[in-house]
Every structure is written in C-alpha cells, then in structure tokens.
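This report refers to the structure that appears directly beneath it.
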C-alpha cells in the first residue's frame, strides 16, 4: 500500500542529487574501474574481486543509511510544519 507520506528513492535523488551521486554511484564505478584495471594489467583476481565486492557493499550500506536519514528528515519536517486541515 502506497500513501503520499511514503518517501521514495527518486524523491531523495531529486532532493540531494550530488550527495546521492557521490555516495551511491562513485563506489560502484570505482569497483568496475578496478576490475577493468585488473583485467587490462593482468593483476590477480584475488586482489581486485574482493575490493570490488567491498566497494559495492559499501555503496549499498551508504545508500541505505542515506535513505534512512532522508526519511527521518522528512518525518521531522512534517512534525515541525503540520498541514492545516
């Protein structure tokens, strides 16, 4: 069930796009670049694959934390300025 009070990821991205870009996409891109670098330079996958996995997990955890913080801010904003009914 969806209500108007539900906060979506798209709303968070519209609200703070640069912050979302830095904390969500940059670690994932860094992981992909590291894997490509490992392939191009014939570096062992035992080094680059764990690094890539950690960076992707880092991006997931940061996104979840950022989304929880954004939802909390939305709730606090709603409590400070209740709409007149």
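All of the numbers you see were taken from the coordinates with simple rules; none came from a lab. Just so we're clear, the structure is a prediction, and the values are computed from it rather than from any experiment. Every residue, glycine among them, receives a Cβ derived from its backbone with ideal geometry; neighbour counts consider all protein chains shown.
Given the chain reduced to its alpha-carbon atoms as identical point scatterers, what log10 I(q)/I(0) does the Debye formula return at q = 0.14, 0.22, 0.26 Å⁻¹?
-0.61, -1.00, -1.18
How would 19, 65 line up from fewest to most surrounding beta-carbon atoms within 10 angstrom? Intermediate values should be presented prior to the final figure.
Details: 19 14, 65 11.
Ranked by crowding around the Cβ, least crowded first: 65, 19.
Residue separation times 0.36 nm, minus the C-alpha to C-alpha distance between residue 40 and residue 79: what's the value?
8.7 nm
Give the average over all directions of the projected area of the C-alpha convex hull of segment 7-55, one decimal, in nm².
Details: hull surface 15.4 nm².
Taking a quarter of the hull surface, the average projection is 3.9 nm².
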